[in-house]
Every structure is written in structure tokens, then in C-alpha cells.
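The values are calculated or read from the model by the stated rules, or taken from the named source; none is laboratory data. Being a predicted model, the structure only gives us computed values, none of them experimental. Here the Cβ is made from the backbone with ideal geometry for all residues, glycine too, and neighbour counts use every protein chain on show. Side chains included, ligands, DNA and RNA excluded: accessible areas come from the protein's heavy atoms. Shrake-Rupley method; radii C 1.70, N 1.55, O 1.52, S 1.80 Å.
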Amino acid sequence: AFSAAGNRVTLAAGNHEGGHGHGQDGGASGSQTAIGRPGVPAKATRTVTIEMSDTMRFSPATLEVTRGETVRFTVKNLGKVPHEMVLGTEASLREHAEMMKQHPGMAHDEPGMIHVAPGATGEIVWRFNRPGDFRFGCLVPGHFEAGMVGRVTVK
């Protein structure tokens, strides 16, 4: 789903991790992935603002959450070029970054992903129902390789 209302761009639905969840853990109706599943906005227990900049960094770049926690990410692009935040494992992000080099205009219409225009704000709501050390990255070609990556530790 893509929406551009005023200064807000939202892009979030589907997954790259595979697997199918069928609501067994009380999450959203989206698919279970290696890092969790789409969250139900009304069940978000915490809001975290993530800022993206043209220095190819996220701020904050690290986050610790508790297993079962649903987090609302408010994702702000403070730069002059498009950026995105994609949740995944280190391997899935590296694979996806390579794919983006081959298809730089590829649209993202999946959960755990948000493409944000310069000066705009978007949102991801995610339920971290699996413990582990996960990543988020900007997969605009060249950005991930420049170090635009962060870490989520689920305890």
C-alpha cells in the first residue's frame, strides 16, 4: 500500500523473510518472518523515532526490545534524497541490497519496509516475537554499502 498525504509517505505491507503466520501469537494478520511480524497499531507499547540523514546513518542506530513487544517506528527523512528503513536479518538485507543494485527503481510494498521521501515521515509497526539480533537498513542503491544500517536486539 502506498499513500502520500501531505508531507507523509507510507509504504508498508508483505515480507522478504518468508513463512506464514496465521495469527497464532496475537499479532497482525501479516506473515510471520524470521524477525517477527507486522504489528497491530493499537497494540504498540512503545514509539521509537528513527531519523535518517544524507550522512547515510540512522539515529538511533541501535535499539533493544523485549520479545513480544510491538514497536511503532516513526521514521523521519531529514535528508535531501529518498531513504528507507527495511527490517530484516543481516543476510536478508545484504541479499536485498544486491537485488536493489540490479533493479534500483523497484517499489517496496511489504511489511517491515518504509520508503520515505526527503523531508517526509513514515511509520512501521512491528511485533518482535522472536529473540535475536536483527538489522534495519536503507536499501536505496549505495546507502546500505555506505553504512546505513542499524541493529535491533530482541531479548
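When you look at His96, is it at pLDDT below 95 and assigned to a strand (DSSP E or B), yes or no? Full working, then the answer.
Values: at pLDDT below 95: yes; assigned to a strand (DSSP E or B): no.
Answer is no for this residue.
Here Lys76 fulfils each of the conditions (1) open to solvent by 10 Å² or more (accessible area, probe 1.4 Å); (2) modelled with pLDDT under 95; (3) touching a strand residue (DSSP E or B) at 6+ places or on another chain (Cβ under 7 Å) apart from (2). When the stretch 141-155 is filtered for residues that are touching a helix residue (DSSP H, G or I) at 6+ places or on another chain (Cβ under 9 Å) and assigned to a loop (DSSP other than H, G, I, E, B), the ones remaining, listed by number, are Pro141, Gly142, His143, Phe144, Glu145. In the stretch 95-111, is there at least one residue being under 19 Å from Val48 (Cβ atoms), in contact (Cβ under 8 Å) with a residue 40 or more places away in the chain and not acidic (Asp, Glu)? There is at least one residue in the stretch 95-111 that is under 19 Å from Val48 (Cβ atoms), in contact (Cβ under 8 Å) with a residue 40 or more places away in the chain and not acidic (Asp, Glu).
The single condition from (1) open to solvent by less than 60 Å² (accessible area, probe 1.4 Å); (2) closer than 24 Å to Gly39 by Cβ that Met100 fails is (2). Close Cβ contacts (under 6 Å, 6 or more residues apart or on different chains) running from residues in the stretch 67-93 that are farther than 20 Å from Val116 by Cα to residues that are aliphatic (A, V, I, L, M) and assigned to a loop (DSSP other than H, G, I, E, B) comprise Thr70/Ala44; Thr89/Ala34. Whether a residue is more than 30 Å from Glu145 (Cβ to Cβ) and at pLDDT below 95 was assessed, and Gly6 passes this test. Pairs linking a residue in the stretch 137-155 that is at positive phi to a residue that is part of a loop (DSSP other than H, G, I, E, B), with Cβ atoms under 8 Å and 6 or more positions apart or on different chains, are Gly147/Met56.
Residue count for the stretch 39-58 satisfying the condition of being without any contact (Cβ under 8 Å) to a residue 40 or more places away in the chain, over 14 Å from the mean Cα position of the chain (by Cα) and farther than 22 Å from Met100 by Cα: 3.
Restricting attention to the stretch 114-149, the residues that are open to solvent by less than 20 Å² (accessible area, probe 1.4 Å), closer than 19 Å to Leu93 by Cβ and aliphatic (A, V, I, L, M) total 5.
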